[in-house]
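The values are calculated or read from the model by the stated rules, or taken from the named source; none is laboratory data. Note that the structure is predicted; figures quoted are calculated from it, not measured. Methodologically, a virtual Cβ is constructed for each residue, glycine included, from the backbone with ideal geometry; neighbour enumeration extends over all protein chains shown.
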């Protein structure tokens, strides 16, 4: 048998060429590797087609409500950090506020307790937010004050 790289004669049972270092692989190993590659590509193709074909389940009314309140809390956190009397340090707690009778259904009221960044003073921020049709959140009114 001759080495395919340097054409030096070598014994039939060697694993690499002693002159150039070319590695010899048994045909069975090549066949086994090709089999595993084909199986791996098939599994990936099946998973991709299954995930693309699976329809997204619609959100329940409770999930939509929870997402809307989470957006309101996030907007309130941003407002408190940028516009509150003291910049926001650590969030202590967040809560939902009951809707007022005059509020439309897409207005969400939320609040949070936080520690002011520099002083450590406990602050409370309450916000009313409007969830717009395009998915943005607009703050309608907000206030921050010391206390629980």
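Please determine whether any residue of the stretch 96-105 is surrounded by 13 or more Cβ atoms within 10 Å (Cβ to Cβ), touching a helix residue (DSSP H, G or I) at 6+ places or on another chain (Cβ under 8 Å) and in the same structural domain as residue 142 (by TED's automatic domain parsing). Yes, some residue in the stretch 96-105 is surrounded by 13 or more Cβ atoms within 10 Å (Cβ to Cβ), touching a helix residue (DSSP H, G or I) at 6+ places or on another chain (Cβ under 8 Å) and in the same structural domain as residue 142 (by TED's automatic domain parsing). Answer yes or no: is there a residue in the stretch 47-70 that is crowded, with 16+ Cβ neighbours inside 10 Å, outside any helix (DSSP H, G or I) and in contact with a strand residue (DSSP E or B) (Cβ under 9 Å, 6 or more places away or on another chain). Within the stretch 47-70, not a single residue is crowded, with 16+ Cβ neighbours inside 10 Å, outside any helix (DSSP H, G or I) and in contact with a strand residue (DSSP E or B) (Cβ under 9 Å, 6 or more places away or on another chain).
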